Structure formats: structure tokens, C-alpha cells
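As C-alpha cells, the structure follows; a few thoughts come after it.
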Amino acid sequence: MIKLLNLNKSFFMGDEEIKAIDNVNFEVKKGEYVSIIGPSGSGKSTLMNILGLLDVPDSGEYILDGVNTKDLTDGELAKLRNKKIGFVFQNFNLLSKLTAWENVQVPLIYQGISSKESKKIAFEYLEKVGLKGRENHLPKQLSGGQQQRVAIARALCCKPEIILADEPTGALDSKTGVEIIEMFKKLNEEGQTIILITHDNGIAQKAKKIVRISDGKLYDEEAIENG
Amino acid sequence: MVKLLNIIKIAFKNIKSNKLRSALTMLGLIIGIASVIVLVGIGSGATTNIQDSVQNLGTDILTVNINSSDVSLEYDKLDEFKNLDNVEEIAPFKNISVTVNRGKESSSNANVLATNDNYLEISNLTLAKGRTISGIDIENNTKACILGSEIAETLFSLTDPIGEKIKLNGDNYTVVGVLTEQGSTMGTNIDNIILIPITTAKYFDESMNINNIYVKVKDENYIDLAQSEIENYIRSTLLISSEYYSVTSQDSMLDAMTDIGTTLSLLLGGIASISLVVGGIGVMNVMLVSVTERTKEIGIRKSLGARKRDILLQFLVESLVLSLIGGTIGIFLGIALGGLTEKLGLSFSASSFVILISFTSSAVIGLIFGIFPAYRAACLRPIDALRTE
Ligand SMILES: Nc1ncnc2c1ncn2[C@@H]1O[C@H](COP(=O)(O)OP(=O)(O)O)[C@@H](O)[C@H]1O
Ligand SMILES: [Mg+2]
């Protein structure tokens with residue numbers, strides 16, 4: 001479903017070139033749960049931004065569902081972000097002035113779904129992530145773990161092909177972090193494709209497959225036997 | 001459609017959550033629109049005022065002016081005017097400044113209009129009480145007078161002035177009539193004027209040279225003919241060269257006055273428009289700040305599938321809504337202030353046309369000054385927008 005071929009992305013700090021992504025080849029199939037693990041600054045977020053169509057590579061191909069993303073217009077990219085990709089960020093990235101359900105509603109609005117229908121869907125997904133009764137809370141009235149659940153509901157509500165989670169537990173205490181990771185595991189068991197980015201080995205172990213990244217290079221994939 | 005509705009909702013929400021800033025932005029527009037309404041309203045109010053007073057004179061009236069003190073048109077010679085083919089009646093008149101008082105009271109200045117028995121009819125003036133100045137008064141140089149409504153009230157307050165005496169430059173005149181209230185017309189306040197028989201003008205050391213005549217023509221359809229007949233008469237018989245006199249119809253005067261009024265309105269409107277532009281720049285300024293402040297929000301929205309045009313629309317609708325609310329408040333404020341200027345004695349008229357124009361221009365300002373900030377917001381790259389804090 002996701003295929004990266006000879007992907008490169010560099011940043012320049014003055015004269016110095018930082019190869020954030022260095023000739024990466026990578027494949028994710030439908031239903032997989034892959035974690036990408038690497039130290040800070042190794043290029044994880046850069047990779048995720050490219051996978052999420054928020055950023056474009058300098059060279060190489062990114063094929064999503066058989067479509068080469070190189071040829072797409074801004075509008076088509078926005079549509080793919082909306083329909084195929086669900087983001088979960090480390091800092092939640094909720095809109096602070098909107099309530100929980102209104103945050104979940106945002107991507108549905110961009111699909112052109114009516115207010116009434118989208119509100120119903122938003123409530124449904126909030127219930128699914130265990131936030132029934134918190135629909136009208138503003139983000140600042142929710143704990144970190146609850147905010148991340150809102151973000152997960154928002155990522156799920158458009159039934160994305162793939163969930164991209166960039167250190168989703170990075171801003172949470174370990175207990176809440178485990179709850180979130182459990183939720184991902186359950187979602188994967190229901191068939192959801194997930195790419196999870198982390199620098200925490202323990203969390204990475206929960207995935208079905210681990211890929212290591214270091215200085216922009218991807219290394220040996222290892223399958224994990226767990227339950 | 002659904003999307004548009006939601007985007008409008010988002011815009012309202014943002015305006016509401018930044019009340020103070022939104023109010024300050026609107027203030028510029030409110031002041032701009034209100035001043036357009038007030039100034040244009042005063043301009044067109046003045047125009048209507050002038051038009052009304054000119055029209056009051058009727059379309060069958062010509063005004064003859066001798067505008068040089070070097071040439072003279074003696075009162076005795078005016079009879080011949082009346083004998084012209086197209087002339088029905090004439091009302092020659094002289095303006096004289098006098099002092100007026102009643103009994104032992106202190107005197108004040110007043111304007112006296114010395115004229116004949118046709119003046120009231122030609123000027124469309126009516127009497128509230130008493131009688132008009134008659135031909136006999138003219139023949140006998142009777143010291144009789146008619147008072148304007150305001151001066152009658154000043155001099156006599158509640159008592160009936162008819163038959164009473166007033167002193168003009170110390171000389172006794174009998175009040176024979178009082179005019180109905182007119183309101184000011186063309187700069188002269190008829191309500192404050194005193195009419196006397198034209199033949200008594202000589203008591204005020206005035207020569208009997210006449211500078212102004214109202215001429216009533218027999219048939220208003222032939223007013224042009226009457227005009228050239230009179231001009232011809234003045235030139236060929238009275239031998240006054242054309243640079244010293246003018247004969248104008250109310251129509252041509254109306255045209256001239258309307259031109260002046262329109263120019264006035266445009267000028268005032270133009271001045272007020274400058275404040276509108278300043279208001280528009282205020283809107284742009286706030287929208288730019290808003291875009292910068294909300295870069296992160298734009299990034300999040302883009303990551304969730306907002307397209308360029310969704311973001312563009314969101315900010316455009318926001319500045320449009322701001323401008324329209326400001327514009328609407330400005331219109332109401334302008335009308336209210338206009339009502340206030342009316343109380344101060346200025347005439348004011350807010351036409352629905354001006355209101356429509358004001359409303360449209362606030363919408364246009366919202367769009368024009370909103371499009372640049374909105375475009376900037378729309379063109380932010382999602383990754384750059386997301387990375388800002
Ligand atoms: N916009 C940018 N400009 C300059 N350097 C960047 C930018 N984004 C990332 N980098 C650099 O690229 C490298 C990889 O960054 P990132 O993908 O954020 O790492 P990680 O998420 O693994 O911590 C880092 O050295 C970082 O400093
Ligand atoms: Mg990172």
C-alpha cells in the first residue's frame with residue numbers, strides 16, 4: 001500500500017547539508033503495524049511528514065495505493081490527507097478553541113459532510129476512544145491522555161487507510177502512554193494499518209514489525225512474535 | 001454548500017472569540033461608513049433644500065437682476081415691463097437693512113423687503129392673518145408692513161400684531177399682515193423679513209433704482225420667448241448692455257443649483273471615502289496579524305485535508321463578515337448622526353442609494369483588503385505551518 005523508492009530529503013543549515021532521509025526504500029502492506037524507532041534527530045518526523053503528504057522528498061518515489069504522489073496537485077494531496085491518512089501527533093495538535101467533538105468534526109467538514117451527520121460521527125468516534133460524556137470539553141479541560149484520544153478519534157473518523165503516529169506517547173506519562181499503545185494494538189487487530197514512530201524501545205516492541213532509522217537511513221526490519 | 005456554511009460558522013466563531021480586536025477593526029469601518037452617510041446626507045440635504053426653494057417660485061417666473069450700481073432701472077419705468085406681450089405681472093423688490101423696535105424697547109437689525117402688491121403671489125407666500133399690501137398702499141406710500149412669522153413672534157410674542165405699530169429706523173409703520181411660517185429658503189429667512197410698499201423705500205434714503213424683479217409670464221410654455229422678449233427690451237429700449245443684467249428662469253437656476261449640490265455631495269463623499277480606505281487598511285492589518293497568529297491552526301487544518309481554497313475562503317469570509325458588521329453598524333450610526341445634524345438645523349437626507357453604496361463598499365473593502373492576508377494563509381506549506389508554535 002505504501003512504497004518508498006530511493007527517497008531522499010536534505011535540509012541545509014548554512015553550507016552544511018543534513019541528510020534527514022538518506023536513500024530510503026520501504027514498504028508497508030495493508031493491515032500491518034510497523035514501528036519506526038530511532039534516536040532524536042534521526043529523521044523520523046521528516047519521514048512521517050513525507051508519508052503524510054505534508055512535505056515532499058527531494059528525490060525518489062512515494063507510491064501510495066498505487067498512485068505516484070509526485071504527480072499530484074495541492075488539491076489532490078489535500079484530498080488524500082483527508083481520506084487516506086490519519087495523523088496522531090506528539091503534541092496532539094488540537095484546535096484550542098474548538099470542543100472535543102468539534103475537533104473531531106474538522107476533517108469531516110472538509111469532506112463536505114453535513115453538520116448534523118458529522119456531529120453524529122464525531123460523537124460515535126469519541127465514544128469509541130472512551131470519551132463519552134467529554135464531547136463538549138475544550139482541549140484545555142482535558143488531560144494529556146484524553147487530548148490524545150480526541151486526536152485519535154479525529155484520525156479515525158474518516159476511516160483512513162493508514163494511521164501515522166509520531167511519538168504519540170511522547171508527551172504522556174508512562175501509564176497513559178501504555179493505554180494509548182494498547183488502543184493502537186486493538187485498532188490494528190480490527191484491521192487498521194498503523195505506522196508508529198517512537199524512540200522508545202518498549203513501545204516499539206508492541207508493533208508487529210520494527211524498522212530502525214539512524215541518520216536518515218533505514219535498517220534491518222525485524223518481525224516480532226508477540227501474542 | 002455544507003462546507004460554505006461551516007466555514008461561515010468558523011469565521012463567526014473566530015470573530016466572537018476575539019471580541020476586542022474585532023470591535024477595534026470594525027471601528028475604523030464604522031467611522032468611515034458613518035461619515036460617508038453623514039457627509040453625503042448633508043450634501044444632498046442641502047441640494048434638496050435649494051431645489052425646493054427654487055421650485056417654490058414656480059416654473060412661470062423669470063428673475064431679472066441688474067448687477068451693477070452704475071446702471072439704473074428706475075421704478076417709474078417699470079410699468080412698461082408689464083406691457084410686454086408675454087408678461088403677466090411683475091414684482092420689483094429692494095432689500096433694505098433697517099433697525100426695528102416696538103414702543104420703547106431697544107431696537108435690533110432687520111431685513112426689509114420693499115416690494116409691490118404682486119410679490120406674495122409670485123413668491124408663493126401666504127398670509128397667516130391680516131391683509132396684503134395693496135395697490136392703494138403703493139400709490140399712497142402708506143407706511144404699512146407685513147411681518148414674517150418669526151419676527152412677528154419676537155416683537156409681539158402672543159399678542160395680535162395686526163393694527164399695531166412698529167418703528168423702522170424710528171419711523172412708525174402699521175402692521176397689516178403676518179406671513180405663514182416658511183422655513184429658510186435660499187439663504188434668506190423669509191420668516192424674519194418685513195415687507196413694505198416699494199414706494200416707501202424712499203423714506204429710507206434709498207434711490208428708487210430697482211435691481212431685482214420677479215416676472216410672472218403669461219404662459220409657462222412660452223417662458224423662453226418671454227425671456228428673450230425681456231432681454232431684448234432691456235437691451236434695446238433701456239439700453240443696458242448685456243454684461244450688466246441677467247434674466248434667469250427657475251429651470252436654469254435649478255440646474256445650476258443641482259450641479260453645485262452634486263459637486264458638494266461628491267466632494268464630501270470623497271473626503272469621507274478616505275476614512276473608508278483607512279478603515280479597510282485596518283481590516284487588512286488585523287487579518288494579517290490573525291493569519292500569523294493562527295499559522296499553527298492553518299497547519300492543523302491542512303493536515304486534516306483543508307485545501308487552499310478552504311483556507312482562503314475561511315479568512316475571506318472572516319474579513320467579509322467583519323466588514324459587513326462594521327458597515328451595517330456604520331450605516332445605523334450615520335443615520336443616527338444625520339438625525340442629530342437635522343436637530344442642529346442642517347438638512348440631511350440619507351437616500352437608500354447611498355446606503356446601498358455604503359453597504360456594498362464595506363463588502364468590497366472586506367474582500368479587497370481581506371484577499372491578501374487570506375491568500376497568504378492559503379499558500380502556507382502545511383509542514384511549515386505545522387512547525388510553528
Ligand atoms: N525544517 C528543517 N530545517 C532544517 N533542518 C531540519 C528541518 N527539519 C528537520 N531538520 C533536521 O533533520 C534531521 C531530522 O529531523 P527529524 O526528522 O525531526 O528527527 P526526529 O523526528 O527523528 O527527531 C534533524 O537533524 C533536524 O535538525
Ligand atoms: Mg520527531
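How about the stretch A:152-176: which of its residues are within 16 Å of ligand 2 (Cβ to nearest atom) and either within 19 Å of residue A:119 (Cα to Cα) or among the small types (Gly, Ala, Ser) (or both)?
A:165, A:170, A:171
Let's see how each residue does on (1) away from ligand 1 (no atom under 16 Å from the Cβ); (2) part of a helix (DSSP H, G or I); (3) open to solvent by less than 10 Å² (accessible area, probe 1.4 Å):
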position	(1), (2), (3)
A:155	yes, yes, yes
A:158	yes, no, no
A:164	no, no, yes
A:168	no, no, yes
A:171	no, no, no
A:182	yes, yes, no
A:186	yes, yes, no
A:195	no, no, yes
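So is residue B:114 under 24 Å from residue B:224 (Cβ atoms) and either in contact (Cβ under 8 Å) with a residue 60 or more places away in the chain or in contact with a helix residue (DSSP H, G or I) (Cβ under 7 Å, 6 or more places away or on another chain) (or both) or not?
So residue B:114 does not fit the description; no.
Check A:76, A:117, A:102 and return the single one that is buried (at least 17 other Cβ atoms within 10 Å of the Cβ), more than 7 Å from every other protein chain (Cβ to nearest Cβ) and among the charged types (D, E, K, R).
On inspection, the qualifying residue turns out to be A:102.
Taking the stretch A:42-66, which residues are within 13 Å of ligand 1 (Cβ to nearest atom) and either hydrophobic (A, V, I, L, M, F, W, C) or farther than 13 Å from residue A:217 by Cβ (or both)?
Within the stretch A:42-66, A:45, A:47, A:48, A:49, A:50, A:51, A:52, A:54, A:55, A:56, A:57, A:58 meet the criteria.
Could you go through the stretch B:58-70 and let me know if any residue there is outside any strand (DSSP E or B), of a type outside the set (S, T, N, Q) and open to solvent by less than 20 Å² (accessible area, probe 1.4 Å). Before you say what the answer is, go through the steps one by one.
So in the stretch B:58-70, the residues outside any strand (DSSP E or B) come out as B:58-60, B:67-70.
Next, only the ones that are of a type outside the set (S, T, N, Q) stay: B:58, B:60, B:70.
Restricting the remaining residues to those that are open to solvent by less than 20 Å² (accessible area, probe 1.4 Å) gives B:58.
Within the stretch B:58-70, one or more residues are outside any strand (DSSP E or B), of a type outside the set (S, T, N, Q) and open to solvent by less than 20 Å² (accessible area, probe 1.4 Å).
Looking for something open to solvent by 80 Å² or more (accessible area, probe 1.4 Å) and more than 16 Å from residue B:275 (Cα to Cα) - is there at least one such residue anywhere in the stretch B:325-334?
Yes: the stretch B:325-334 contains one or more residues that are open to solvent by 80 Å² or more (accessible area, probe 1.4 Å) and more than 16 Å from residue B:275 (Cα to Cα).
Under 6 Å between Cβ atoms, at least 6 apart or on separate chains: pull out the pairs that start in the stretch B:240-251 with a residue that is more than 15 Å from residue B:69 (Cβ to Cβ) and end on any residue that is outside any strand (DSSP E or B).
Listed by first residue and then by second, the contacts come to B:247/B:227; B:247/B:230; B:247/B:231; B:249/B:223; B:250/B:54; B:250/B:57; B:250/B:59.
Given the residues B:106, B:134, which is the only one that is open to solvent by 70 Å² or more (accessible area, probe 1.4 Å) and of a type in the set (Gly, Ala, Ser)?
Only one candidate qualifies: B:106.
Are any residues in the stretch B:341-381 open to solvent by 80 Å² or more (accessible area, probe 1.4 Å) and under 23 Å from the mean Cα position of the chain (by Cα), and if so, which ones?
Selection gives B:342, B:343, B:344, B:346, B:352, B:353, B:356, B:357, B:359.
Among the residues of the stretch B:289-322, count how many are away from chain A (no Cβ under 13 Å), surrounded by 21 or more Cβ atoms within 10 Å (Cβ to Cβ) and of a type outside the set (D, E, K, R).
7
Which of the residues belonging to the stretch A:25-59 are open to solvent by less than 20 Å² (accessible area, probe 1.4 Å), within 16 Å of ligand 2 (Cβ to nearest atom) and over 27 Å from residue B:306 (Cβ atoms)?
A:35, A:37, A:38, A:42 - these are the residues of the stretch A:25-59 that are open to solvent by less than 20 Å² (accessible area, probe 1.4 Å), within 16 Å of ligand 2 (Cβ to nearest atom) and over 27 Å from residue B:306 (Cβ atoms).
Residue A:151 passes all but one of (1) buried (at least 23 other Cβ atoms within 10 Å of the Cβ); (2) within 16 Å of ligand 1 (Cβ to nearest atom); which number fails?
The single condition residue A:151 does not satisfy is (2).
Whether any residue in the stretch A:205-223 is within 16 Å of ligand 2 (Cβ to nearest atom), in contact (Cβ under 8 Å) with a residue 40 or more places away in the chain and among the β-branched types (Val, Ile, Thr) is what I want to check.
yes
I'd like to verify a number: residues in the stretch A:57-78 that are out of contact with any Leu (no Cβ under 9 Å at 6 or more places or on another chain) and not small (Gly, Ala, Ser), how many?
6
Check whether at least one residue in the stretch A:113-126 is farther than 28 Å from residue B:11 by Cα and in a helix (DSSP H, G or I), and report yes or no.
No, the stretch A:113-126 contains no residue that is farther than 28 Å from residue B:11 by Cα and in a helix (DSSP H, G or I).
Mind counting the residues in the stretch B:59-74 that are within 17 Å of residue B:214 (Cβ to Cβ) and either assigned by TED's automatic domain parsing to the domain that holds residue B:199 or at pLDDT below 80 (or both)?
Total meeting the criteria: 3.
Here is a list: B:11, B:91, B:34. Which entry is within 14 Å of chain A (Cβ to nearest Cβ) and surrounded by 19 or more Cβ atoms within 10 Å (Cβ to Cβ)?
From the options B:11, B:91, B:34, the qualifying one is B:11.
Starting from the stretch A:19-40, keep only residues that are within 14 Å of another protein chain (Cβ to nearest Cβ), then list their pairs with residues that are more than 16 Å from ligand 2 (Cβ to nearest atom) and open to solvent by 10 Å² or more (accessible area, probe 1.4 Å) whose Cβ atoms are within a distance under 7 Å, requiring at least 6 positions of separation or different chains.
A:20/A:10; A:21/A:8; A:21/A:57
Say we look at the stretch A:84-99 and pick out the residues that are within 16 Å of residue B:306 (Cα to Cα) and facing chain B (nearest Cβ under 7 Å); which of these is surrounded by the most Cβ atoms within 10 Å (Cβ to Cβ)?
Looking at the filtered set, the residue picked out is A:87.
For the stretch A:1-21, what are the residues that are more than 16 Å from ligand 2 (Cβ to nearest atom), out of contact with any Pro (no Cβ under 9 Å at 6 or more places or on another chain) and closer than 26 Å to residue A:67 by Cβ?
A:1, A:2, A:3, A:5, A:6, A:10
The values are calculated or read from the model by the stated rules, or taken from the named source; none is laboratory data. This is a predicted model, so every value here is computed, not measured. Here Cβ is always computed from backbone atoms with ideal geometry, including for glycine, and neighbour counts include all displayed protein chains. Protein only, heavy atoms only, side chains kept; ligands, DNA and RNA dropped before computing areas. Shrake-Rupley method; radii C 1.70, N 1.55, O 1.52, S 1.80 Å.
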